[in-house]
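Asker: Quick one: the structure is below, and I'll ask about it shortly.
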Amino acid sequence: MKLAADTGMMKSVTRSLHWTDGELVLLDQTRLPGEIVEQRQESIEQVWESIKLLRVRGAPAIGIAGAYGLLVGMKPYRERPLSEFMAKLETSAAYLNSSRPTAVNLSWALQRMTGAAARQRGQVGSAAQLYDLLVLEAVRIHDEDKAICRAIGEYGMALMHAGMGILTHCNAGALATSELGTATAPMYLAHERGIGLRIYADETRPLLQGARLTTWELQRAGLDVTLICDNMAAYIMSQGLIDICIVGCDRVAANGDAANKIGTLGVAILARHFNIPFYVACPSSTVDLGTPDGSGIVIEERGADEVLFCGGRRTGPEGAKIRNPAFDVTPQALIAGFITDRGILRPPYADTLTRHFSVS
Ligand code: MRU
């Protein structure tokens, strides 16, 4: 497999976060596309707020930020007794996990960190030694995500052909992950290999991840991307411009129901109407076999101002009743396949997901 990191293209793919000299640094995605500003995370409270306010967002990136964020919180406890360190680790993980509920990657990464600590506790003489081992675990989570994105890209290449039109929703790109993204990984690899694609990005109201982030990152990397408002997707499909839809996901239940950014369900229903295959790009860290179906997925409800204001301007009347669910669940019956790091999975998902993901 050709490593994307070795290519010139990857130089133009922006890092969502990095761990340098024992510090967590996040690209503040709320300021894109206007400003590229990185923010060093000084405390666990700051990391919690960065996840809550979507400075870092996208399921895999939230998980990685959570793992490193735990290290930020545990740094002052390195000189304390091991028992105190372990107790603080558990409460800190629970605290970070409360920042956003829908993407399973956050709890998955935090559980990996606390699980690693519990396993290795008996082999170390001090909290400082355990902390060093946890740094290695967080870096492993980060590195694995790069490989997972690349594998999704390679498997997704089977669906790519020159000149095809692809519709995507929200941002499941490099900014949402460690590197190539999930939904965007086959697009980046196709581009790198000279296969020209026409990509359509839904703007993704209310927070405009498709406009501010997907369009920005694909354009910077030199891909052919067209930004459309969410309510234009049906028309664009009706014109025969879309051959395939590929979106990311925040949690996939055992039966294949998939939670993703609000509006994804509408895209899937439209795709079914126009007979366009609808694919979900899904890293192993997003599969939740412990949740039987989509009805068990907690949907984050966010503040009213995100709907009432756009670009700092009020767009709805004062006192308006507001709903702001941040995600929806696409039923498995609308999904043509999951592009995963373990291959493209087809229905029946209850079988294929269990077979591929019950052993990590
Ligand atoms: O609210 P966000 O911006 O974190 O929502 C992000 C999405 O819904 C992405 O599509 C999903 O996390 C997949 S990222 C590879």
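The values are calculated or read from the model by the stated rules, or taken from the named source; none is laboratory data. Owing to the predicted nature of the structure, the values given are computational and were not obtained by experimental measurement. Because the Cβ atoms are built from the backbone with ideal geometry, glycine has one as well, and the counts that use them run over all protein chains shown. Side chains included, ligands, DNA and RNA excluded: accessible areas come from the protein's heavy atoms. Shrake-Rupley method; radii C 1.70, N 1.55, O 1.52, S 1.80 Å.
Asker: Below 8 Å, C-alpha to C-alpha, sequence gap of six or more: please give me the relative contact order for the chain in percent.
Answerer: RCO, the chain: 16 percent.
Asker: Turning to a different aspect of this structure: Roll a 1.4 Å probe over the protein chains and send me the accessible area per residue for region 79-192 in Å².
Answerer: Using a 1.4 Å probe on heavy atoms only, each residue of region 79-192 averages 35 Å².
Asker: Taking only DSSP H segments of four or more residues, each worth -39500 (n - 2.57), what value at 222 nm results for the chain once the sum is divided by all its residues, to the nearest 500 deg cm²/dmol?
Answerer: -11500 deg cm²/dmol
Asker: Restricting to lysines 8 or more places apart or on different chains, can you count the pairs in the chain with Cα atoms under 23 Å from each other?
Answerer: Eligible lysine pairs with Cα atoms under 23 Å apart amount to 10.
Asker: At 1.4 Å probe size, with every protein chain present, just tell me what the per residue accessible area of region 283-355 comes to in Å².
Answerer: Heavy-atom accessible area per residue stands at 51 Å².
Asker: With a 1.4 Å probe and every protein chain kept in, tell me what percent of the accessible surface of region 1-136 is carbon plus sulfur.
Answerer: That fraction is 51 percent.
Asker: Along the positive direction of the dipole of the chain (beta-carbon charges: Lys, Arg +1; Asp, Glu -1; about the Cα centre), which of 105, 16, 83 reaches farthest?
Answerer: 105
Asker: Here is a follow-up. Relative contact order, percent, of region 98-243 when contacts are C-alpha pairs under 8 Å separated by at least 6 residues?
Answerer: 19 percent
Asker: Another question, if that's okay. When only Cα pairs under 8 Å and 6 or more residues apart are kept, what is the percent relative contact order across region 8-150?
Answerer: Reported relative contact order: 22 percent.
Asker: Here's a follow-up. Scaled to the compact-protein estimate 2.2 N^0.38 Å, what is the alpha-carbon radius of gyration of the chain, rounded to two decimal places?
Answerer: Cα-based Rg divided by the globular estimate yields 0.97.
Asker: Something else now. Placing +1 at every Lys and Arg Cβ and -1 at every Asp and Glu Cβ, with all other atoms neutral, what dipole size does the chain have around its Cα centre, in debye to the nearest 20?
Answerer: Approximately 120 debye in magnitude.
Asker: Report in % the part of the accessible area of region 160-357 that belongs to carbon and sulfur, leaving out ligands and nucleic acids; probe 1.4 Å.
Answerer: That share works out to 54 percent.
Asker: Still on this structure, I have one more. Which percent, to the nearest 5, of DSSP beta bridges fully inside the chain are antiparallel?
Answerer: 50 percent
Asker: Further, regarding this structure: Roughly speaking, what is the centre-to-centre gap between region 281-360 and region 125-202 when only Cα atoms are used, to the nearest Å?
Answerer: 18 Å
Asker: Could you tell me which of 286, 273, 254 has its Cα farthest along the dipole of region 240-312 towards the positive end, charges placed at Cβ (Lys, Arg +1; Asp, Glu -1), taken about the Cα centre?
Answerer: Toward the positive end, the furthest listed residue is 273.
Asker: What is the spin-label model distance, in nm, from residue 193 to residue 124 if the labels are put 7 Å beyond Cα along the C-beta direction?
Answerer: In this crude label model, residue 193 to residue 124 measures out at 4.2 nm.
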